[in-house]
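To start, the structure under review is shown below, and the notes come after it.
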Amino acid sequence: MPQAMHHIFGDTPIPRYVQLADLFRQRLDKGVWLPGSVLPSIEQLMEEFEVARVTVRQAISLLAEEGLLSPQRGRGTFVTGKATTRRQLRVETTLGDLVAMYSGDRPEHATLAEDIASPVIFERDGIAAPKYFHLRRVHSRNGERYCVISIYVDYRVFRRAPSRFRRELALPVLTSLPGLKIASARQTLTISTADVETSRLLGIAVNTPMAEVRRVMCGPDRTVIYLAEVSYRGDYIHLEMDLKP
């Protein structure tokens, strides 16, 4: 039987205790609950989030398994650590910084599709290559899925290292190919919400905040040699900008 609509958690099929654990994890991340402190009582949490006792206990148990909380009989639930399972991804503003970030990144990725397909290329992007190799993947860390990415690589470039493009993250492979010159690169970020397909692939609720990132890289002749469209969970994105006086 589906759960009734809840004003905090909505009617998503994701178990309520998982969503509650996620809210608890956010409080740990933000320092609302500091290491060594004691959580509010189960009764207080039940009242605040309007959930059953078993839901609170399940959420606490989930975070205890991660080593973040320690429920102690008769004493309460202690914070034992700060949530660090999620690594926020910086939205870099230079190609060098972006490549450096991905060169040190080792997320797990599952390929959803690979084929020959053409991306939508606007006039401002550059000139389309004759053919593109397309990879669609879900990236995850510590078993938690955080983005869906569609990658289009100029097929002539893809043929230079097909096994690496299939096995590794595409951007570090692209920038490590000898003699390949990237003459221009641009990235745009748009705030949106998760649609039905994205919510299913990432295991999140429909309309969860998302960051849509589009990256385009061109060769010296303005041919688009790499185009990526990435849908990130909003809580994985960290945007920091220098404001020049």
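Here is how the numbers come out for the structure above:
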{"read-out": "Accessible-area composition of segment 17-63, carbon plus sulfur, in percent [1.4 Å probe]", "value": "54"}
{"read-out": "Segment 116-180, accessible area per residue, ligands and nucleic acids excluded (1.4 Å, Å²)", "value": "48"}
{"read-out": "Sequence-separation-based contact order of segment 121-245, relative, with Cα cut under 8 Å and 6+ spacing, percent", "value": "28"}
{"read-out": "Accessible surface of segment 145-204, 1.4 Å probe, proportion on carbon and sulfur as whole %", "value": "50"}
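The values are calculated or read from the model by the stated rules, or taken from the named source; none is laboratory data. All values reported here derive from a predicted model rather than from experimental measurement. SASA here: full protein model, heavy atoms, side chains in, ligands and nucleic acids out. Shrake-Rupley method; radii C 1.70, N 1.55, O 1.52, S 1.80 Å.
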